[in-house]
Each structure stands twice: as structure tokens, then as C-alpha cells.
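J.: Pasting in a structure now, in C-alpha cells, and then I'll have a few things to ask.
The values are calculated or read from the model by the stated rules, or taken from the named source; none is laboratory data. Predicted model, so just to flag it, every value in this text is computed and none were measured. We place every Cβ from the backbone using ideal geometry, glycine too, and count neighbours over all the protein chains shown.
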Amino acid sequence: MTTTADETTAAPEPSAESYLQIRSLCKDFDGITAVDQVNLDINKGELFAILGASGCGKSTLLRMLAGLETPTSGRIVLDSEDITDWPAYERPINMMFQSYALFPHMTVEKNIAYGLKKEKIEPDEIDQRVKNMLDLVQLKGFDKRKPNRLSGGEKQRVALARALIKNPKLLLLDEPLAALDKKLREQTQFELMNLQEELGVTFIVVTHDQEEAMTLATRIAVMNSGKFIQTGTPTEIYEYPSNRFVADFFGTINIFDARVINVTGRELTVEVDQSDIQMKAYSDKPVAIDDNVGIAVRPEKISISKQLQDGANITATKGVVEDLAYYGNYSIYRVKTESGQLVQVSAQNQTRSSDHVVEWEDEVYLSWEQNSSIVLVD
Amino acid sequence: MRKPPAALFSIACFGFAFLYIPIFLLIAYSFNDSRLISIWGGFSTRWYTELFQNDQIIDAALLSFQIAAISATFATIFGTLAGLALTRLGNYPGRLFFTGMIAAPLVMPEVITGLSLLLFFISLQELIGWPGSRGATTITIAHITFSMAYVAVIIQSRMQSLDRSLEEAAMDLGGRPFQVFLDVTLPIISPAMLSGWLLAFTISLDDLVIASFTSGAGSNTLPMVIFSKVKLGVTPDINALATLIILVVAIGVAVASLIMFRQNKALSQQKV
Amino acid sequence: MAIHQHRIGDLLWRRFVILLPYSWLLLFFLVPFAIVFKISFSDPIVAQPPFTALFDHSQNLLNRFQGSLNNYLFLLEDNLYWISYLRSIRVAGISTLLCLLLGYPVAYYIAQSPPTRRNLLLMLIILPFWTSFLLRVYAWMGILSTNGILNSALLWMGLIEEPLQMLYTDFAVYIGIVYTYLPFMILPLYANLERLDLEIHDAAADLGGKPLQVFWDITLPVSVPGIIAGSLLVFIPAMGEFVIPALLGGLDSLMIGRTLYDEFFVNRDWPLASAVATILLLILILPMMLFQRTQVSSTESNP
């Protein structure tokens, strides 16, 4: 189920069974609101992602959960305990920092053991647990190294091990993959997911990378200027963005500004601005004639061809290819429609044949299923 | 934002008070009409008048300024070259030794530097007949030697924070090393050279021990005159002199920080 | 041909950059030390210059070396010098510790302040350094003397019955050294603490470290290079300090810088002064090399 912006701002019913409950959490810095009335329920064992551009308040939210920042108002309840006023060092929550924040003067072993030492655990047990943890994150034999002799990926795993060893009820990861290069990032992504599944620890990941959020998380919250805009599964957010911000932020999308000219039940007909192109789409939200709406279509939902495709539920428009980029397995076309708008289309290159290949300056037809169109009312 | 704890704040306040209270007391007492510190004899500027009538102090001040200006200029040239040699010339024979020798005057006790330079000048005189007499020249040489280390350190740290690709770009575009130095490096490090010069100037103006060793009869620098006066106890005209020096420094620092503030503002506006 | 000339020019410029400061330092810094070392083996005579020549060229090769260890033997025999060296080490050591105790919190406070305020606070630390060192030491004479400001204030508050003897004591020397060298302690400490990644504090707190534990486990060990650099910058010059003990210290508070100065200017025993300097240098060579190493390693670590 998709939660829309309207629903999040009104506090949802406190559900007793939620593992982590965030209620009306706010944070002001000298009059500037960094986090604004955030409500969130997370279940045990979830891998939840908070997605937003830098400065949207996601890091502040994470730091409030860790206890490194004091909320201006609101409550945080974890496992039926209100931890809002607990200091960071008493919370059963650990964090993996974006810079990894490894202690430069301690070996890998001492870094990982630090949290257990603060819990006054027997040295023998600490040794054993550190050893197990080193195995788990595949850092066997690195125990006596200092952080400055580790690669980026190794540092990342030490940071993870150090945060995980205390068996936190909640693990917070601040941009966990941002400092790694592309290849390593993909590999580490899967390692993280496997580790999370294996240990059953609840993860909250903060990231600015929508691909990372989509592949990692079971659920995602999209955040903008301190507020949650939409919360849902990756599919929900990708296929049913609740508004223009989410649609635009999450992947590439074409948006046609249009005016509603007819409504029949769920089906509406619109006319694209500055043109006489008409489109049909379905909307669950109430729409009236003469409303201004946006019709959004993902590039991969559009098919491109030199012949007009016809069918009952197909929306089609004509245009000229302005630009094309060949990526091997697929190509991206930018097509200028009659209304003058540039539309991005991505198409799989299913055949090797050079027949019917669309080239620069070709006149083409763009068509897509009527139910691929997303109606954006804001 | 984290806030430093209150205990830290109070110690810091104590630290700043410790640094500044003696200076403010010195200023206040330069306007005390009484010769005794324990008695406030009312506001007076008579110690300033007395100061300006003291030829010995005026002469010494002039000599000190002359030595400071010349030695700071040479120290800046040598120190800048040394800073370059430390950061931009890669490896060359004796580099580590050079690094050590440049930093050594920073920590060398002044009595040792002073003594060794004096004995050096005497030996040199025996050997080649120069310097015939010790005075402004020998003090200047001594000051260049030990203040160039400070300039070198300032230049070195500026060069380290300087993006090397700027010079590489200039070289890539066909600049010869010396041209690159003139066209790119020098304009960028000139503020650092200026602060190096000011530091060298101040150090020279302030030095008592090395000047005492390397000066000859008749050439007394300002610190030497001050020292011989205050050895015997507090003298009010020295309070007046101190106040004047503090005033000059305060104005200088205010102007410098205003310029720096403007530059930073211009820089940050460019970035936006 | 033209290119060839250019290359020679480049090479000359490179040579010039290295050789000019290098030869200056060799001539006016290293050679003088060699001379001090040489003269420390001579004997004093009443003449100009007041020492015997080390090489008597009229003698044959074997007898040419005229040096003696007399000066060093004298230093060993006379308690005065031992006491001076030991007192200097003690005074410099205690002053360094006091500087650290006061300087560390100040440096830490500045490093924790908002970035906009840091520069102002730092400037306030450096500012006194630009005013005359001699005059700042002199300021304490007025504060500490028997009829000085501090005694007057204490008497007025009724804390003491009669003026305390503060000037011309070790206490005054400690104050003088801490006062003049405090910026040298604060600046390297600040440079170290400022660079410190604040996230590692957060990480330690997050892993269960209470504020004081975080300081003890993380901040203090990580700032050791700053502590060493600052302490050496105070200890080494304080060891050879002349002005402060001469103005604030008692006649009996012998420090080696003053002993050397007196030996040279009052007794005019230049060879003995040279021997005193040589030994002082030997004592300081270890801390100085340590300081060099911290400087070199900080140079090499951020190329």
C-alpha cells in the first residue's frame, strides 16, 4: 500500500506491534527545520532505506535515532521502550558512519572490540566474538592492522563489524556504499543484504542513490526538506509515485503537462498543453474537468517505431529523433514531439539486424499502454 | 552543533585572561602619574613625553627597525627558496639533512645560536679580516639565519596546501620552471611571504639574546636598552613604550584581518 | 640550440633554489657550531680573543693538536654546572607540564568551537606573540613584585597579612615560561585536534563510550603527536631560556642559559662557555631529533 504525503503528515495510529516507532519527530537548528514531523513504523528484521538529496534531513534523522542529536520534539520508541531521552552510549542502536570513523590509533581488532569493552564483557568472550565477527565479514588475518593500511572496502567491513558486534536492535548505515567504487559497490550491496538476512538485525540505510535504495531495501521512504514524501516498497514508489517530486527523483521519467477535458469513472482524457495531442489515463485520485495534471511515463514503457501502432488502450504521439545513444543492450532516444517537448525513450536492442533501425532525424511514433501513464495531480 | 562543556569553557576563559590581563595592566600603568606601581597617582601622559625625549631609546629603536627590515627581507627570500626546495623539488642528495637544518634554528636555544655566531664572526675576522667590527651587519646576518627558518615553515605549509596541479598545468602549457614560479607560484604564495616577512620582522625586533652576543660596542638594539633598564626594576617610560608597541601591533593585526576577511568574502562569493 | 640553453637555465634555477638557502645555513649555522665545539677544547687566556689556538701551526703534525678536555673536566668537578643543568631540566619540565595542562583544554575548546569563531580565538592566542616578548615578561615584574599589583590585591582582599615574595622566585619563572610559551603549546595541539574527525567521537559514543571515556580512549591517544610537538616546542627553548630567569628568577635560581651568559660576558671564559653550550646541545639533541621527526613525518604524510 502506498502512503501518500497527506497521510504521513497526519500521525498514523500508533501500532503497538511496530518494532521501531517514530512519532512526530522534529529537529530545528537555530530556527531552520531540518526534520519536520516525521512519523515512521518499522518492523523487526526490515531493511529500510531513507532516500533523499543531500540536506534533506535524512542524516539528522539518523543521528537522532543514534542519540547523537537531541530532537526538538517527538518520540522514538524501540522494542516497546521510549528511548528518546537516552544518551547515545546507552542505546541498543549502533551506527556505521559515512566516513567509517575508524579509530586511527587502534588496530582492526581493537576497533571491533571497543563496543564490547565498554559493556565490560569478559576478555575471553570479547576475543571469541571479535574472531567470529572477523570471519563473518571476511577479514581474517587483518586483526593486527591499523586502519590506514586498509583499502576502502576493508575499512567499510571493519566499520560494519564494529557496529554489528554489539548485536544492536537497530543498525543505522549512513551512506554505506558511497565511498566505494562502482564494482565494489555492487558486490558489497549483496554482501550487506545477505548479512542482514543472516543476522536478522533491523537495518536503516540512509542514501542519496535511488538505485542503491531500490536494490537494498524492503521499503523506502523518500525524504525532501525534512518531510517524508512517500513511503512504500521499491516497486510501489517506482511504478506509482505519489507526486511529481518522487516521480522525478526516482529514476528517469517523462512528464507531459496537460489539462483534463473529460472524466469517465477512473478514466480521464487530457489535452497536452501547447498542442492538440490527447491522451487517456487512469487515476485513483479525484480529478475534475479543467484541472491541470501531469501525465508521467517511464522511458522503458514507451515503444518507438516508424509505423503507427494502433490499439484500444494505446496512447500515441508523433515526433522526430533528436538524439540517440547506443548502450549495447539498449538504446536511449530523445524524441521531440509535435508539442516541442523532448521525450526520453529506452528500447531493448532485441535484434542485430540493421533493418527498421531508428536513426537521427527520423520521424517516429511513440506509443505506450494507457495504464503505464501515471497521473500526477500536484 | 555540539557545545563544548562548561568546564572547558571556564578553563579557556582563564587561559585567555592569563594571556591578556598582564598586557592590559601594562597599558593602564603607562598612564599612571606615580612612579610606583602600587599607587595610582592619577592619569598622566608624562611617561610618553619622557620616552620621546630619551635619545638612547629613540636611537636604539631606529637601529632595531633598520636591522629588522633588512633581515626580514633577506629571510623572506631565503626562507621562500628553502620552502620551495622542501616541497617542490622532489628528492635530491642531502634533502633530509637540509630539512633538519632548516627547522633546527626554530628550537635551538638562543644562547647557543648567539654564542656560536659570535665565535664564528671572531674566527672569520682572524681568518680574512672581516667583519672588522661587530654591529648592525653581524646582528643582521644572525637574524637572517634564524628567522629564515620561520619563513621556510610558513612557505612550506602554504605550498603543501597548494594544489600542485596548478603548477603542473602551467608547466603543461609550456612554462619553464622559473616562469611557472613567477607566473603561478609567486602570486599564490605572496600572502604567505608577507606574513613570513612580518614574522621575521617581529622576531628580529624582539630579539635580545642573539643581538647581545653578535653586537659590538656602541650598537645597542631596542631590546638591549630595554633589558638594561628593566633589569633594575619597573620603569614607567618602558610601560609607555610597551603600550605604543601593543598599539602598533593591534592596528596592524586589525588591518590584516580586515583584508583577509574581505578576501575570504570575495572568495566565497566567487564560489557561489 | 635554444632548447639546450633553456634546459641549462632550468637546471640553474633548480640549483639556485636549493643551494642559496643551503649554503647560507651551512656557513652561518653549521660552521659556527663546529667552531663552538672546537673552542670548547681550548684553554682560556687573557688576550683577544681570550682562548688558546687549537692548532699551533709551528709545531709538527703530532703535537699540532693543542686541545684539552680541561673545560669538560672542570664542568664535571664544579657542582655549580651540574645544579644548573638539572635545575634547567626541572624548571623546563614542570613548565612544559603546566603549559600542557592549561593549553590542552584551551586548544580543545577552540577546536570544538564553531568554525567561524575558531579563527578569532586562534588570532587571540597568536596576538600576544606579536608584541614584544621582553615587554611581556617585564609586565609580570610589575604584577609579582613585593609592592606589585598582585600583592596589593591580595592585601586589599585580606587574604594575606604582609606581601609575599613572588618576584625573584621559581614560581615567577614558571609563570613567565608558561605565559610566553603557552601559544607554542596551543598551536600544534589545535592543529592536531582540529583535524580530528569528529565522527570518531560520535562513533565511540555510539559504541557505548561515556563522554569522559571517549576523551580518554579516543581524543587523548589520537592527539599524542600534537602533545609531543607542543611539549617539545616549550621544553627545548625553556631549557636554554635566559631572559625569564634573568628578570623574574632569584639570584640563586640558576638556569643553564643564564650560567652560560654569565660565563661568557661576566667571567669572559669563552672556552668554558663553549663547553657549557656543547653539553647543553648534547642534552637537547634527543628532544630536537624527536621534534624533527614529528615535523618530517607530518611533511611526508601530506605530500
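J.: Among the residues of segment A:273-291, how many are of a type outside the set (D, E, K, R) and in contact with an Asp or Glu (Cβ under 7 Å, 6 or more places away or on another chain)?
T.: Number satisfying all stated conditions: 4.
J.: Then there's this: Is it the case that segment C:183-191 has a residue that's under 18 Å from residue C:91 (Cβ atoms) and away from every other protein chain (no Cβ under 12 Å)?
T.: No, the conditions are met nowhere in segment C:183-191.
J.: Next question. Taking residue B:37, is it facing chain C (nearest Cβ under 10 Å), more than 25 Å from the chain's Cα centre (by Cα) and surrounded by 15 or more Cβ atoms within 10 Å (Cβ to Cβ)?
T.: Against the criterion (facing chain C (nearest Cβ under 10 Å), more than 25 Å from the chain's Cα centre (by Cα) and surrounded by 15 or more Cβ atoms within 10 Å (Cβ to Cβ)), residue B:37 qualifies.
J.: Return the total of residues in segment A:259-287 being β-branched (Val, Ile, Thr) and not in a strand (DSSP E or B).
T.: Here the count works out to 2.
J.: Answer yes or no as to whether residue A:316 is small (Gly, Ala, Ser), in the same structural domain as residue A:282 (by TED's automatic domain parsing) and under 20 Å from residue A:282 (Cβ atoms).
T.: Criteria met by residue A:316.
J.: Return yes or no: is residue A:162 basic (Lys, Arg), assigned by TED's automatic domain parsing to the domain that holds residue A:104, closer than 22 Å to residue A:35 by Cα and touching a Gly at 6+ places or on another chain (Cβ under 8 Å)?
T.: Against the criterion (basic (Lys, Arg), assigned by TED's automatic domain parsing to the domain that holds residue A:104, closer than 22 Å to residue A:35 by Cα and touching a Gly at 6+ places or on another chain (Cβ under 8 Å)), residue A:162 does not qualify.
J.: Also, I was wondering about something else. In the set A:272, A:260, A:287, which member is without any contact (Cβ under 8 Å) to a residue 40 or more places away in the chain and surrounded by 14 or more Cβ atoms within 10 Å (Cβ to Cβ)?
T.: A:260
J.: Out of everything in segment A:34-82 that is touching a Ser or Thr at 6+ places or on another chain (Cβ under 9 Å) and in a helix (DSSP H, G or I), what residue ends up being farthest from residue A:176 (Cα to Cα)?
T.: Only one residue fits best here, namely A:64.
J.: Looking at segment C:244-270, which of its residues are within 11 Å of chain B (Cβ to nearest Cβ) and assigned to a loop (DSSP other than H, G, I, E, B)?
T.: Matches in segment C:244-270: C:255 only.
J.: State yes or no: is residue C:253 touching an Asp or Glu at 6+ places or on another chain (Cβ under 6 Å) and either surrounded by fewer than 23 Cβ atoms within 10 Å (Cβ to Cβ) or among the polar types (S, T, N, Q) (or both)?
T.: It is true that residue C:253 is touching an Asp or Glu at 6+ places or on another chain (Cβ under 6 Å) and either surrounded by fewer than 23 Cβ atoms within 10 Å (Cβ to Cβ) or among the polar types (S, T, N, Q) (or both).
J.: On to the next question. Where residues in segment B:120-130 are closer than 18 Å to residue C:278 by Cβ and modelled with pLDDT under 90, which of them is surrounded by the fewest Cβ atoms within 10 Å (Cβ to Cβ)?
T.: B:123
J.: Being outside any loop (DSSP other than H, G, I, E, B) and under 30 Å from residue B:42 (Cα atoms) narrows it down to one of B:192, B:169, B:240, so name that one.
T.: B:240 is the lone residue from the list that is outside any loop (DSSP other than H, G, I, E, B) and under 30 Å from residue B:42 (Cα atoms).
J.: Of A:136, A:150, A:171, A:160, which residue is away from every other protein chain (no Cβ under 12 Å) and touching a strand residue (DSSP E or B) at 6+ places or on another chain (Cβ under 6 Å)?
T.: Among A:136, A:150, A:171, A:160, only A:160 is away from every other protein chain (no Cβ under 12 Å) and touching a strand residue (DSSP E or B) at 6+ places or on another chain (Cβ under 6 Å).
J.: So if I check each of C:111, C:139, C:172, C:153, which one is touching an Asp or Glu at 6+ places or on another chain (Cβ under 8 Å) and over 20 Å from residue B:150 (Cβ atoms)?
T.: Going through C:111, C:139, C:172, C:153 in turn, just one is touching an Asp or Glu at 6+ places or on another chain (Cβ under 8 Å) and over 20 Å from residue B:150 (Cβ atoms): C:111.
J.: Between B:171, B:159, which is more than 8 Å from chain C (Cβ to nearest Cβ) and surrounded by fewer than 18 Cβ atoms within 10 Å (Cβ to Cβ)?
T.: Result of the check over B:171, B:159: B:171.
J.: I need the strands (runs of 3 or more DSSP E) fully contained in segment A:308-378, keeping only those with at least 3 residues that are farther than 23 Å from residue A:278 by Cβ.
T.: A:314-326, A:330-337, A:342-348
Let's see how each residue does on (1) among the hydrophobic types (A, V, I, L, M, F, W, C); (2) surrounded by 14 or more Cβ atoms within 10 Å (Cβ to Cβ); (3) within 13 Å of chain C (Cβ to nearest Cβ):
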| position | (1), (2), (3) |
| --- | --- |
| B:44 | no, yes, no |
| B:48 | no, yes, no |
| B:60 | yes, yes, yes |
| B:71 | no, yes, yes |
| B:82 | yes, yes, yes |
| B:95 | no, yes, yes |
| B:106 | yes, yes, yes |
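J.: Within segment B:224-246, take every residue that is within 20 Å of residue B:36 (Cβ to Cβ) and small (Gly, Ala, Ser) and give me the one that is nearest to the other protein chains (Cβ to nearest Cβ).
T.: Top of the filtered list is B:242.
J.: A follow-up question, please. Can you work out which of the residues in segment B:131-150 that are within 21 Å of the chain's Cα centre (by Cα) and either within 10 Å of another protein chain (Cβ to nearest Cβ) or not in a helix (DSSP H, G or I) (or both) is surrounded by the most Cβ atoms within 10 Å (Cβ to Cβ)?
T.: Result: B:148.
J.: Kindly list, by first and then second residue, each pair from a residue in segment C:119-137 that is under 16 Å from residue B:261 (Cβ atoms) and facing another protein chain (nearest Cβ under 7 Å) to a residue that is surrounded by fewer than 20 Cβ atoms within 10 Å (Cβ to Cβ) and of a type in the set (S, T, N, Q), limited to pairs with Cβ atoms under 7 Å and residues at least 6 apart or on different chains.
T.: Matching pairs, first to second residue: C:123/B:257.
J.: Give me the residue from segment C:193-222 that is of a type in the set (A, V, I, L, M), surrounded by fewer than 16 Cβ atoms within 10 Å (Cβ to Cβ) and more than 14 Å from residue A:89 (Cα to Cα) and, out of that set, nearest to the other protein chains (Cβ to nearest Cβ).
T.: C:198
J.: Of the numbered conditions (1) crowded, with 18+ Cβ neighbours inside 10 Å; (2) in the same structural domain as residue A:48 (by TED's automatic domain parsing), residue A:197 satisfies every one except a single condition; which is it?
T.: Going through (1) crowded, with 18+ Cβ neighbours inside 10 Å; (2) in the same structural domain as residue A:48 (by TED's automatic domain parsing) one by one, residue A:197 breaks only (1).
J.: Let me ask another. Of all residues in segment C:234-243 being at the interface with chain B (Cβ under 7 Å from one of its Cβ atoms) and not in a loop (DSSP other than H, G, I, E, B), which is surrounded by the most Cβ atoms within 10 Å (Cβ to Cβ)?
T.: By that ranking, first place goes to C:239.
J.: Any residue at all in segment B:198-210 that is part of a helix (DSSP H, G or I) and surrounded by fewer than 21 Cβ atoms within 10 Å (Cβ to Cβ)?
T.: Yes: one or more hits.
J.: Applying the selection to segment C:165-186, what residues are surrounded by 21 or more Cβ atoms within 10 Å (Cβ to Cβ) and either among the hydrophobic types (A, V, I, L, M, F, W, C) or in contact with a Gly (Cβ under 7 Å, 6 or more places away or on another chain) (or both)?
T.: Hits for segment C:165-186 are C:167, C:172, C:173, C:175, C:177, C:178, C:182, C:184, C:185, C:186.
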